[in-house]
Structures are given as structure tokens and as C-alpha cells.
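Okay, so here's the structure we're looking at.
The values are calculated or read from the model by the stated rules, or taken from the named source; none is laboratory data. Quantities reported herein were computed from a predicted structural model and do not represent experimental measurements. Please note: Cβ atoms are built from the backbone with ideal geometry, for glycine as well, and neighbour counts cover all protein chains shown.
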Amino acid sequence: MKICITSQGATLDALAEERFGRAPFFIIVETDTGSFDAIENQFAGGSGGVGPKAAQLIMAHKVTALVSGMVGGNAREVLLAAGIQLYTYRAGGTVRDALDQFNKKTLEHVA
Amino acid sequence: MKIAVASGKGGTGKTMVAANLAFTLSQTCQVTLVDCDVEEPNLHLFFPAPATAKDVTVPVPVIDEKICDRCGKCGEFCQYGALTVLRDRVLFFPELCHSCGGCTLVCPKNAIHEEPKRVGIVTYAKPLPRLDLVSGYLDTGNPFAVPVIRAAKTATAGDSLVILDASPGTSCPVVETLDGCDACILVTESTPFGLHDLQLAVDVTARLGIPAGIVINRSDGKDQATLDFCMNHDLEVMMTIPFDRGIATIQSRGDLLCRVRTEWLKAFSALYGKCCALTGAE
């Protein structure tokens, strides 16, 4: 399945980003193969409404789950309505670590 | 003549200056006082009077789900993230909407129309025979002050002598208040904070091309940094109000300096004359 992990950089070794809407990158990982795409978040520096815009962006990549530190109210409403599962990763490690923990099912399932 | 009272820093005495200036002018002519600090209007405390109110509304989109085919064009267009198009419905976040109307234009099915949403009120009162008070009140929880300020200003557009009390800061609500004014009084205090924010406020008036003059309030006599700044920027210090417990007492019981200490009427008259001089008028 495809999942999205919020990231500060474009690789699996970049630090995971705790913010959702203002995350610099979205790492879209195919968990079956481990292959990934890095998508730059064009809304990261926007003045407002970045949560729903970012949610729309990752919806377009047809992900099943999102791994991030915290998701704001508006973005959460969009993601839940789109049926995307939300997981919390706040250990401060890399995207790879977040992915490992997701695969081991040790992340908190928020909704 | 439209004169805005602004400051940059909050709590310097904008409302005190606006209220006393309007009170002074109302002794001899008709004047309209507009409270543009719509997030926390307070001029009515100095001029209690029965008021009538009118709603201020902004247009927001309403989507006809029967016509909408979820093509996604409105969501792509909306720069504010207010519309998100899902497979089976469209989510609308009213608090993110800037009422630009773009979604209604880009919808290929004409499935979107606009309906008014209340964001605040404007009240009208006549506390003195020659003083009209118009106050904008932004509804709690609403993030956009500008439409309420615009409504209050529009209501007074035809009045010949208008004093507008701005909100603190230098952002959109202040720019909206200043827009179209003939002169601006910038109220400051002789603190590092007051001077720092005065500099920002002076930049705003300069960019808007509105002539500005300075009032130093709560002066403890140590105003040299402010005076130097004014000298260097060719700004006139039009009035200095001393740091005085008696003045503070009058103000905090909701009274007016010029009503209690009538010698100040002359000073505020002179302030108006200096504002007129700023604009080049007599």
C-alpha cells in the first residue's frame, strides 16, 4: 500500500517533519516494495489554508495512510473524509525510522 | 476632511486622541467619529448613547450537490484552501474563505452561487448634538476585520468631517482604515517599543501617500529619541500630552480630558488646524 510521511528533505534519510501542512516534502512510499517518491510541498510557505491544500495534494497520490507529527483541524477533516488513516510519529528521527515503525505497527493510530 | 488616528504600538492613546479631537470639533461643527478598531471597539465607552445596528455580510459559496460533478476546478482555484473536492462531495471551510468569488467563475457547471454570511455589525449612535458615532464590531471567531471596517467607512463616506480610530499594528485593518484619508495622526509614547512601532507606522503612511503628524502621549519629558526620529523624517510633533495621573484617572472612568479640563479644547483645536495644514488645506 501507499503511505505518505511528512519530511524535511527529499530522501528517506531526511528528518521526518512534525507539521503536516507546512512540511517541506511529502515522501510517498510503496510499503510492499520500499520504493518512494519525494513530492515538494508547494503550499509549505503559504499564508493560510495550507492544511486542506496539502491534504488535497496527497489525496491525489491515492495514499492509504499519513504519518506525521500533528495534523491541524481542517486538514484532519479533509483526510478523514477522504478515508486516509492518520498515524503519529514524533520520535524526531528520519523518514526511514518512521517507515520502519509504521511497518512494525508501533505508531499510534490517531484516526 | 478625513483624519485617521493610528499608532503602530497598541495602548499609546489612539482612542483618547480620537475621542477628544472629535469632542472638541463637535463644539463648533458636525463631526463623525468612526471606530475602525473592530476587534475591540471602545469609543462607545466615552460616548454612551442608544445605537442602531446593521449586519455586515460577506458572500460565501454554496454548492448545489445535484449539479456539481466533483470536477475539482474550484478546489484547484481556491488559493486559501477553503474548498476541497472529494470523490463524493465538496468540503467548504468558511473561516478560510476570502469571498473572492473565483470559485463561482471557474465552475464549468454553474453549480456554485454565493450567499451572504454575517461577519459583524456596524452601529450608529448620536451621543452629542453634533457628533455621530459609527462603530464596527467584528463577530467573535471571525478572522477578517477588513469587511467590517469597509462597511463602517462606507456608511460615513458622504460625511464632510470624519475622524477614524484605527486598530493598533500596521497590517490590513490599519491599511483599510487609512485608505482614502486626507491626513493621519500617529500617536506614540516615548518608549523604545513606541518608537520602534512608530517607525513601522510612518512607513505605512508614506507608502500610502498620506501626510502624517505625531502626537506624543504620556510624555515623561524624555522624548529625545522620538524627537530625533521626527526631525530626521520631517515629521511634525503636533501635540505632546504629559504623563499625568490626573489625565489617566479621567480617561479610566470613561470621561474626556477636554470635557473635564476645558483648557485642552484649545490644544485639540490646534491639533485639528495642524492636520489641515498637513494636507495643504487651511
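Of all the listed residues (B:Thr52, B:Thr28, B:Thr32), the sole one being part of a loop (DSSP other than H, G, I, E, B), away from chain A (no Cβ under 14 Å) and either without any contact (Cβ under 8 Å) to a residue 24 or more places away in the chain or in contact with a Ser or Thr (Cβ under 9 Å, 6 or more places away or on another chain) (or both) is B:Thr28. Residues in the stretch B:205-228 that are within 18 Å of B:Pro192 (Cα to Cα), without any contact (Cβ under 8 Å) to a residue 40 or more places away in the chain and under 25 Å from the mean Cα position of the chain (by Cα): B:Ile214, B:Ile216, B:Ser219, B:Thr226.
Note on the stretch B:172-196: residues that are under 14 Å from B:Lys9 (Cα atoms) and assigned to a strand (DSSP E or B) total 5. For B:Ala157, the criteria (1) farther than 21 Å from B:Val38 by Cα; (2) aliphatic (A, V, I, L, M); (3) surrounded by fewer than 21 Cβ atoms within 10 Å (Cβ to Cβ) hold in every case but one, which is (1).
Could you list, in sequence order, the residues of the stretch B:112-129 that are under 18 Å from the mean Cα position of the chain (by Cα) and not in a strand (DSSP E or B)? Matches in the stretch B:112-129: none.
Looking at B:Ser99, B:Ser160, B:Ser135, just one residue is assigned by TED's automatic domain parsing to the domain that holds B:Ile185 and in a loop (DSSP other than H, G, I, E, B), and that residue is B:Ser160. Considering B:Cys74, B:Cys78, the condition of being over 30 Å from B:Val162 (Cβ atoms), within 14 Å of chain A (Cβ to nearest Cβ), at pLDDT 95 or above and crowded, with 16+ Cβ neighbours inside 10 Å is satisfied by B:Cys74 alone. Of all residues in the stretch B:72-80, none are under 26 Å from B:Val175 (Cα atoms), assigned by TED's automatic domain parsing to the domain that holds B:Val175 and in a loop (DSSP other than H, G, I, E, B). Residue under question is B:Ile214, and the condition is that it be among the β-branched types (Val, Ile, Thr) and touching a strand residue (DSSP E or B) at 6+ places or on another chain (Cβ under 7 Å); does it hold? Considered against the rule, which asks whether it is among the β-branched types (Val, Ile, Thr) and touching a strand residue (DSSP E or B) at 6+ places or on another chain (Cβ under 7 Å), B:Ile214 comes out as yes.
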